[in-house]
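Below: the structure, in structure tokens.
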């Protein structure tokens, strides 16, 4: 079984679409939605879709939400997924097949493709910097991993709010755990006016610097 963990706060606008795309994968999937103190109907949308819903009564951020989901995950394999993105048809099976076919790999990484959310005004669309070509380098919706790796590398540091992929990759490298690239696009990454990466850019740079400092201390 695969556990897909979706950290979300106030996901009313896009969560249903993300869950529909996951359901269409037709795989043995457990979906855990971690509601990070939403004040909308995020939890109800997830519950109506048959997801396991875990809630933070006080917002702790997406990294802590990933840890909350991991603690309750039952699947042999784990994927993190943003609530506003859309998984492409057949992507989960392709990643699962690639990972199970390579016993030396602890995780497989696909590409994502940016798209500008269609409901935005022309003025908003001009402010959205969508990459024209598919790319590697994102955590959510692109990487399928063995749940057992967290027994080796531990959970995420909750001292950071973003940029946890750097910490994860560093811990994987240090533990000698292989990440294999798969030449497919797994997920369409929605670009809109409230993307976390846009609204938390200063915090993201601070977290990257903090992670790099932690790496240097551990080296």
### Filtered residue count, the range 30-56, keeping only those that are touching a residue at least 24 places away in the same chain (Cβ under 8 Å) and surrounded by 19 or more Cβ atoms within 10 Å (Cβ to Cβ)
11
### Task
Run residue 7 past the list (1) in contact with a helix residue (DSSP H, G or I) (Cβ under 6 Å, 6 or more places away or on another chain); (2) touching a residue at least 40 places away in the same chain (Cβ under 8 Å); (3) assigned to a strand (DSSP E or B); (4) farther than 24 Å from residue 119 by Cβ and report the number of the one that doesn't hold.
(4)
### Message
For the condition buried (at least 18 other Cβ atoms within 10 Å of the Cβ), closer than 19 Å to residue 4 by Cβ, touching a helix residue (DSSP H, G or I) at 6+ places or on another chain (Cβ under 7 Å) and at pLDDT 95 or above, what is the one hit in 95, 144?
### Response
144
### Summary
In the range 10-22, residues that are in a helix (DSSP H, G or I), surrounded by fewer than 21 Cβ atoms within 10 Å (Cβ to Cβ) and either in contact with a helix residue (DSSP H, G or I) (Cβ under 6 Å, 6 or more places away or on another chain) or modelled with pLDDT under 95 (or both) total 1
### Message
Take residues that are under 19 Å from the mean Cα position of the chain (by Cα) and closer than 15 Å to residue 11 by Cβ and tell me which of the helices (runs of 4 or more DSSP H) falling wholly in the range 23-136 contain 1 or more.
### Response
42-48, 62-72
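Test of understanding: among 61, 90, 50, which residue is on the phi > 0 side of the Ramachandran plot and in contact with a helix residue (DSSP H, G or I) (Cβ under 9 Å, 6 or more places away or on another chain)?
The match here is 50.
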#### Entry: Members of the range 120-134 found to be farther than 26 Å from residue 183 by Cβ and in contact (Cβ under 8 Å) with a residue 60 or more places away in the chain, listed by number
120, 124, 127, 128
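Within the range 176-207, can you find the residues that are on the phi < 0 side of the Ramachandran plot, out of contact with any strand residue (DSSP E or B) (no Cβ under 7 Å at 6 or more places or on another chain) and at pLDDT 95 or above? Write out each step before concluding.
Restricting attention to the range 176-207, the residues satisfying the condition of being on the phi < 0 side of the Ramachandran plot are 177-207.
Retained after the next criterion (residues that are out of contact with any strand residue (DSSP E or B) (no Cβ under 7 Å at 6 or more places or on another chain)): 183, 192-207.
Selection gives 183 alone.
The values are calculated or read from the model by the stated rules, or taken from the named source; none is laboratory data. What you see is a predicted model, and the numbers here were worked out from it, not measured in a lab. Reconstructed Cβ throughout: ideal geometry from the backbone, glycine too, with neighbour counts over all protein chains shown.
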